[in-house]
Amino acid sequence: MNILELFAISPVVPVVVLEDQTKSVALAEALLEGGIGIMEVTLRTAMALESIEAIARAVPQMQVGAGTILNSHDLLRVRDAGGKFSFSPGVSDELLSTAISERITFIPGVATASEVMKAILAGITGCKLFPATAVGGIELLRGFSGPFPSMRFCPTGGIGPDNMNDFLALSNVDCIGGSWIVPKDAIGAGDFAQITALCREALVRPVRKVSKTEDSVV
Ligand code: 3PG
């Protein structure tokens, strides 16, 4: 799966922090039930890789991948665990070169024009803008659309129900990432119905479309 195919799966990419591997399969099923077929499991907990492996094996309809990839070792471990893609908060030559040589679907994080240029030179078609609201959010993405007309973005960081549609309305945004849709306390309590409800609520929100040239609402 290439980056643009990945970005087309869902307008919302859940960013998951999983403390308990035994909850992983039920969580994946709850997201699917809510209409979301992609999830990013962050490599911030001891159980993250095992969770990716369990989901990939038990819930094949779910496109499960990883986030918080900081080095090539992580990238290869995720691939070996069955992860379909990897997001990084940043971009490095090491990660780009391993992703290319190993043919891994890798989405680097960018926050500056120079980082977008580095991604373009590596043949990357879609980047994560991170941390989206802190680095300029909507205005920065509008600014990027001029010099980088073909780069697609998945802004993540500081996005929730109140601002997701403003991001999704931008001509260069395909999807947004967020953790609000998978609250840690709901996962901890096993309240998967709440997570399914949050997915449905996010997906029914109207998405405004904007023209590619003017970013004006059409
Ligand atoms: C993260 O890395 O934690 C993600 O960017 C999620 O950010 P959020 O919690 O603001 O959605």
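Could you check region 30-42 and list, in sequence order, the residues that are assigned to a loop (DSSP other than H, G, I, E, B) and either basic (K, R) or surrounded by fewer than 20 Cβ atoms within 10 Å (Cβ to Cβ) (or both)? Step through it out loud before you land on a result.
Quick first cut of region 30-42, residues assigned to a loop (DSSP other than H, G, I, E, B) only: 34-37.
Residues satisfying the conditions are G35, G37.
Anything in region 1-19 that is in contact with a strand residue (DSSP E or B) (Cβ under 8 Å, 6 or more places away or on another chain) and either modelled with pLDDT under 95 or more than 10 Å from I181 (Cβ to Cβ) (or both)? List them, or say none.
First pass over region 1-19, keeping only residues in contact with a strand residue (DSSP E or B) (Cβ under 8 Å, 6 or more places away or on another chain): 1, 3-4, 6-7, 9-18.
Correct list: M1, I3, L4, L6, F7, I9, S10, P11, V17, L18.
Look at I107 and say whether it is under 15 Å from I3 (Cβ atoms) and either out of contact with any helix residue (DSSP H, G or I) (no Cβ under 6 Å at 6 or more places or on another chain) or of a type outside the set (G, A, S) (or both). Give the steps one after another, and end with the answer.
Values: under 15 Å from I3 (Cβ atoms): yes; either out of contact with any helix residue (DSSP H, G or I) (no Cβ under 6 Å at 6 or more places or on another chain) or of a type outside the set (G, A, S) (or both): yes.
So I107 passes the test.
If I filter region 184-206 for residues that are open to solvent by less than 10 Å² (accessible area, probe 1.4 Å), more than 14 Å from the ligand (Cβ to nearest atom) and under 23 Å from I124 (Cβ atoms), do I get at least one hit?
No; the residues of region 184-206 include none that is open to solvent by less than 10 Å² (accessible area, probe 1.4 Å), more than 14 Å from the ligand (Cβ to nearest atom) and under 23 Å from I124 (Cβ atoms).
For region 122-147, how many residues meet the condition of being assigned to a loop (DSSP other than H, G, I, E, B) and farther than 30 Å from E102 by Cβ?
Our first condition is that a residue be assigned to a loop (DSSP other than H, G, I, E, B); within region 122-147, this holds for 122-125, 130-136, 146-147.
Those left that are additionally farther than 30 Å from E102 by Cβ: 133-134, 136, 146.
Of the residues in that region, 4 qualify.
Condition check ((1) open to solvent by less than 30 Å² (accessible area, probe 1.4 Å); (2) among the β-branched types (V, I, T); (3) modelled with pLDDT of 95 or more) across all residues:
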position	(1), (2), (3)
A81	yes, no, yes
K84	no, no, yes
G90	yes, no, yes
T98	yes, yes, yes
T112	no, yes, yes
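In the list T156, T133, T98, which residue meets the criterion of being more than 15 Å from the ligand (Cβ to nearest atom) and either at negative phi or not aliphatic (A, V, I, L, M) (or both)?
Details: T156 fails: more than 15 Å from the ligand (Cβ to nearest atom); T133 fails: more than 15 Å from the ligand (Cβ to nearest atom).
Unique residue meeting the criteria: T98.
Which one of the conditions (1) free of Cβ contacts under 8 Å to residues at least 60 places away in the same chain; (2) under 23 Å from V25 (Cα atoms); (3) within 16 Å of the ligand (Cβ to nearest atom); (4) open to solvent by less than 40 Å² (accessible area, probe 1.4 Å) does W180 fail to meet, given that it meets all the rest?
Single failed check for W180: (4).
So which residues in region 1-29 are buried (at least 17 other Cβ atoms within 10 Å of the Cβ) and either over 30 Å from G123 (Cα atoms) or of a type in the set (D, E) (or both)?
Matches in region 1-29: L18, Q21, K23, S24, L27, A28, E29.
Going by what's in this entry, would F85 be described as more than 30 Å from E201 (Cβ to Cβ) and in contact with a Phe, Trp or Tyr (Cβ under 8 Å, 6 or more places away or on another chain)? Walk me through it before giving the result.
On the way: more than 30 Å from E201 (Cβ to Cβ): no; in contact with a Phe, Trp or Tyr (Cβ under 8 Å, 6 or more places away or on another chain): yes.
No.
Of all residues in region 136-153, which are away from the ligand (no atom under 15 Å from the Cβ), open to solvent by less than 10 Å² (accessible area, probe 1.4 Å) and closer than 15 Å to I3 by Cβ?
Answer for region 136-153, where residues must be away from the ligand (no atom under 15 Å from the Cβ), open to solvent by less than 10 Å² (accessible area, probe 1.4 Å) and closer than 15 Å to I3 by Cβ: just M151.
Would you confirm whether or not region 81-93 contains a residue that is more than 25 Å from L27 (Cα to Cα) and basic (K, R)? Full working, then the answer.
First pass over region 81-93, keeping only residues more than 25 Å from L27 (Cα to Cα): 90-93.
Within this subset, residues satisfying the condition of being basic (K, R) are none.
Checking region 81-93: not a single residue is more than 25 Å from L27 (Cα to Cα) and basic (K, R).
The values are calculated or read from the model by the stated rules, or taken from the named source; none is laboratory data. Model, not experiment: these values are computed from the prediction. Heads up, the Cβs are rebuilt from the backbone with ideal geometry, glycines too, and the neighbour counts pull from every protein chain shown. We work out accessible area using only protein heavy atoms, side chains counted, and drop any ligands, DNA or RNA first. Shrake-Rupley method; radii C 1.70, N 1.55, O 1.52, S 1.80 Å.
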